[in-house]
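The values are calculated or read from the model by the stated rules, or taken from the named source; none is laboratory data. All values derive from a computational prediction rather than experimental measurement. Glycine gets a Cβ as well: all are built from the backbone with ideal geometry, and neighbour counts include every protein chain shown. Please note that ligands, DNA and RNA were not included when accessible areas were found on the heavy atoms of the full protein model with its side chains. Shrake-Rupley method; radii C 1.70, N 1.55, O 1.52, S 1.80 Å.
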Amino acid sequence: MWATAVGVARVRALETERENALFRDPLAQAFATAGGLWPSSPPLPDDEAARRRRLAVSFSIVIRTKFLDDLLQRASASGVRQVVLLGAGMDSRAFRMDWPEGTRLFEVDTAAPLDFKDSVLRQEQAVARCERITVEVDLREDWPGALAAAGHDPALPTVWIAEGLLIYLPEDAVELLLARISAQSAAGSRMGLTLGSRGVIERFGADAVPGSAASMWVSEMPDDPVGWLAGHGWEADSHTLRERAAAYGRPINTPPEREERPGGLISAVRR
């Protein structure tokens, strides 16, 4: 699945080239090209419906990246100095964002993506802007133990990011992940999640190309994500892609296909 992270890097590279980019990710193109998936990707379905779906996914990646960048900046401004990226993939925030002195950023992922990523970082002679600590562990295993061994202190507030991750996990695995995050979160901790909106699997997964990201989606957001997180001790806000896109000056001009329900961009604070 880590090749999907390289595809996300491609989207971020294209956004970075825009004059009015919502963020700049100087490493994204290196990740995308080193992965051998761009520009020599295998041909994709070229019908109009498939093209529109690809554009929609790419747009959502851009908006969620900006949303979580802003969340991380607010967390840092509030004094949080521990950051954990779960399923970090090709995330380059340790290198592209400005971090207060004393920030420790933990990237949790399996060996294959972390090894690939490190090879690209060496090639690009990239220098992190905070203390970057990689934690090689499968999220189905005892990742809290591995994180603690790497130096994470659960007595201090942490900002947790699970970007583009939960949609790939079955419901019981999502619950376990959230319970583990909550157990490691001191009061004042923050969390940023992206959840698959209701109906997204039906719309995107039904005719997805085997092996594509959409073909591996299994989990959608609860009907009441704010109430769900409250049950785990988090005070959450839910935002739709449409709301955030408009706020960032990238309004979605097409009307919603159905009544808009709570959105899949989640910010939360541990009380």
Q) Can you tell me how many residues in the stretch 175-211 are open to solvent by 30 Å² or more (accessible area, probe 1.4 Å), small (Gly, Ala, Ser), modelled with pLDDT of 95 or more and within 19 Å of Pro222 (Cβ to Cβ)? A) 1
**Q.** Identity of the residue in the stretch 221-257, among the charged types (D, E, K, R), open to solvent by 60 Å² or more (accessible area, probe 1.4 Å) and assigned to a loop (DSSP other than H, G, I, E, B), that ends up modelled with the highest pLDDT
**A.** Asp224
(Q) When the residues of the stretch 20-45 are narrowed to those that are modelled with pLDDT under 95 and in contact with a Lys or Arg (Cβ under 6 Å, 6 or more places away or on another chain), which ends up nearest to Pro113 (Cα to Cα)? (A) Ala32
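Report, by residue number, each residue of the stretch 60-87 that is small (Gly, Ala, Ser), under 15 Å from Leu165 (Cβ atoms) and either open to solvent by less than 10 Å² (accessible area, probe 1.4 Å) or part of a helix (DSSP H, G or I) (or both).
Quick first cut of the stretch 60-87, residues small (Gly, Ala, Ser) only: 60, 75-79, 87.
After this cut, where a residue has to be under 15 Å from Leu165 (Cβ atoms) as well, the list is 60, 87.
Correct list: Ser60 only.
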(Q) Please go through the stretch 130-146 and give me each residue that is out of contact with any Ser or Thr (no Cβ under 8 Å at 6 or more places or on another chain) and buried (at least 16 other Cβ atoms within 10 Å of the Cβ), ordered by number. (A) Arg132, Ile133, Thr134, Val135, Leu139, Trp143, Pro144, Ala146
(Q) Please go through (1) more than 30 Å from Asn253 (Cβ to Cβ); (2) at pLDDT below 90 for Val80 and return the number of the only condition it doesn't satisfy. (A) (2)
Q.
Can you tell me which condition Ala246 does not meet? The list is (1) free of Cβ contacts under 8 Å to residues at least 60 places away in the same chain; (2) closer than 30 Å to Ala186 by Cβ, and all the others hold.
A. (2)
Q. So which of Asp98, Asp70, Asp91 is over 19 Å from Val11 (Cβ atoms) and either among the charged types (D, E, K, R) or within 18 Å of the chain's Cα centre (by Cα) (or both)?
A. Asp98
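Out of Leu105, Leu121, report the one residue that is among the hydrophobic types (A, V, I, L, M, F, W, C), buried (at least 16 other Cβ atoms within 10 Å of the Cβ) and either outside any strand (DSSP E or B) or on the phi > 0 side of the Ramachandran plot (or both).
On the way: Leu105 fails: either outside any strand (DSSP E or B) or on the phi > 0 side of the Ramachandran plot (or both).
Only one candidate passes the filter, namely Leu121.
Among the residues of the stretch 124-143, write down those that are part of a loop (DSSP other than H, G, I, E, B), farther than 15 Å from Ile161 by Cα and in contact (Cβ under 8 Å) with a residue 12 or more places away in the chain. Before you say what the answer is, go through the steps one by one.
As a first pass, look at the stretch 124-143 and keep what is part of a loop (DSSP other than H, G, I, E, B): 125-130, 137-142.
Then drop every residue that is not farther than 15 Å from Ile161 by Cα, which leaves 125-130, 137-138, 140-142.
Residues satisfying the conditions are Ala126, Val127, Ala128, Arg129, Cys130, Val137, Asp138, Arg140.
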